[in-house]
Amino acid sequence: MPGRGRCPDCGSTELVEDSHYSQSQLVCSDCGCVVTEGVLTTTFSDEGNLREVTYSRSTGEDEQVSRSQQRGLRRVRDLCRVLQLPPTFEETAVAYYQQAYRHSGIRAARLQKKEVLVGCCVLITCRQHNWPLTMGAICTLLYADLDVFSSIYMQIVKLLGLDVPSLCLAELVKTYCSSFKLFQASPSVPAKYVEDKEKMLSRTLQLVELANETWLVTGRHPLPVITAATFLAWQSLQPADRLSCSLARFCKLANVDLPYPASSRLQELLAVLLRMAEQLAWLRVLRLDKRSVVKHIGDLLQHRHSLVRLAFRDGTAEVETRGKEPPAWGQGQREGEVGNNSLGLPQGKRPASPALLLPPCMLKPPKRICPAPPVSTVTGDENISDSEIEQYLRTPQEVRDFQRAQAARQAATSVPNPP
């Protein structure tokens, strides 16, 4: 501000009056330096004797906090209150923000990074206390980019040397499913679509565990998988009335957003359930598809450990063991020809090997774009410079011819033109 001088630290003229500890001060708005200080009165003996104490002698001298840091601390407290976190969480998040702000790289960072730092401190605190909170929820509240948030999150964890446990998937399922508006009848939700919360949560947890065992969760965002598992659990509890409901309509009834990859996760879960259904004799004869297999999810989940082992891991070993069994004593060659009838296959046909239990990224790798070969514009009629022609001379005869041609060219250029 003109007329009030300059800041002794940064030389800025942006000086503003600020009230700190009930005392009027002149503060630089750029760096936070206190340019002039007033006086304050203590509340003990000095006030009784009416003696003034300068700010430099008070306890506030060691508590100089920049405006940027003050704004960040307020944002941390506000975010904790919005998320309704316990007071101990708020204190821990504030302490992490103060520790991170002591580093010069954080103090000199852009405003966007400092805003993301607020969410990182709150997320680290929730993870350490096993509080179910996702990175996507924080990004939504702060209007932050997910990629930027994740990179700064990893940087802060490494910078502060913190031990942050991974998010418990079961707690995340319970928290996410609790937000679904399908547990009480309302004008927007028909009675046939209302479901008991405990039943739906129990079956959703089993489906998510199945997805985790079959590599459908590894390296992926958990919310699309949980959304697909919740939809299948909800359909399987009353399939007669709910099979006609689509995933998009289900999310609209539940008043939740439909994640973009949820449809793909749903198809992958149904494919796993179909592979498991092929191992049960009473389901094999029904020739199930991705629509009708939903009716038997309860039976499949009841025996999911053995069915997954048979469908993916031990199927090949079992087939090889059956093929190595010797024929029974006394059976002739003709009886041995039909020995494979127990597998339902004709003579000379081997059963198909079961699918390998691999992550989807290995079963269906992304297609890589092959770069087009560079188009050659060389036609062979280009002129060759004198500095490059020696590279094309191979035999002594060619060298002599080239020297003779050079001499003739020099002789022709040295002869003067006739008048």
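The values are calculated or read from the model by the stated rules, or taken from the named source; none is laboratory data. For clarity, every value in this text was computed on a predicted model and none was experimentally measured. Glycine gets a Cβ as well: all are built from the backbone with ideal geometry, and neighbour counts include every protein chain shown. Please note that ligands, DNA and RNA were not included when accessible areas were found on the heavy atoms of the full protein model with its side chains. Shrake-Rupley method; radii C 1.70, N 1.55, O 1.52, S 1.80 Å.
Some points to look at:
- Once the Cβ-Cβ distance of Arg309 and Asn130 is raised to the sixth power relative to R0 = 25 Å, the FRET efficiency obtained is 0.20.
- Length available on full extension from Gln391 to Asp145: 0.36 nm per residue minus the Cα-Cα distance, which gives 82.8 nm.
- At R0 = 60 Å, FRET efficiency that the Cβ-Cβ distance of Gln238 and Gln410 yields, to 0.05: 0.05
- Stretching Gln70 away from Cys10 to a fully extended chain increases their span by 19.6 nm, per 0.36 nm per residue minus the current alpha-carbon distance.
- Euclidean distance between Cα centres, the stretch 286-300 to the stretch 113-178, Å: 38 Å
- Net charge of Cβ neighbours under 15 Å - reference Asp196; Lys, Arg +1; Asp, Glu -1: +4
- Residue-by-residue Karplus 3J(HN,Hα) for the stretch 402-410, coefficients 6.51, -1.76, 1.60, Hz, glycine and proline x: 5, 5, 5, 5, 5, 5, 5, 5, 5
- Estimated FRET transfer efficiency when R0 is 35 angstrom, pair Arg291-Cys370 (beta carbons, to 0.05): 0.35
- Under 14 Å from the Lys252 label point (7 Å along Cα→beta-carbon), backbone N, the stretch 180-211: 188-190
- Using a probe of 1.4 angstrom and keeping all protein chains present, the accessible surface of the stretch 112-192 works out to 50 square angstrom per residue.
- When Trp282, Trp234, Trp215 are compared by accessible area of protein heavy atoms, the largest-first order is Trp282, Trp215, Trp234, using a 1.4 Å probe.
- Each of Phe402 and Arg102 was given a label point 7 Å from its Cα along the Cα-to-Cβ line. The distance between the two points is 7.3 nm.
- Amide H contacts of Val35: Leu26, Val27, Cys28, each under 5 Å away and 5 or more positions distant or on a separate chain (H built 1.01 Å from N in the peptide plane; Pro and chain starts excluded).
- Solvent exposure of Cys10, expressed as accessible area, is near 70 Å², computed with a probe of 1.4 Å over the protein chains only.
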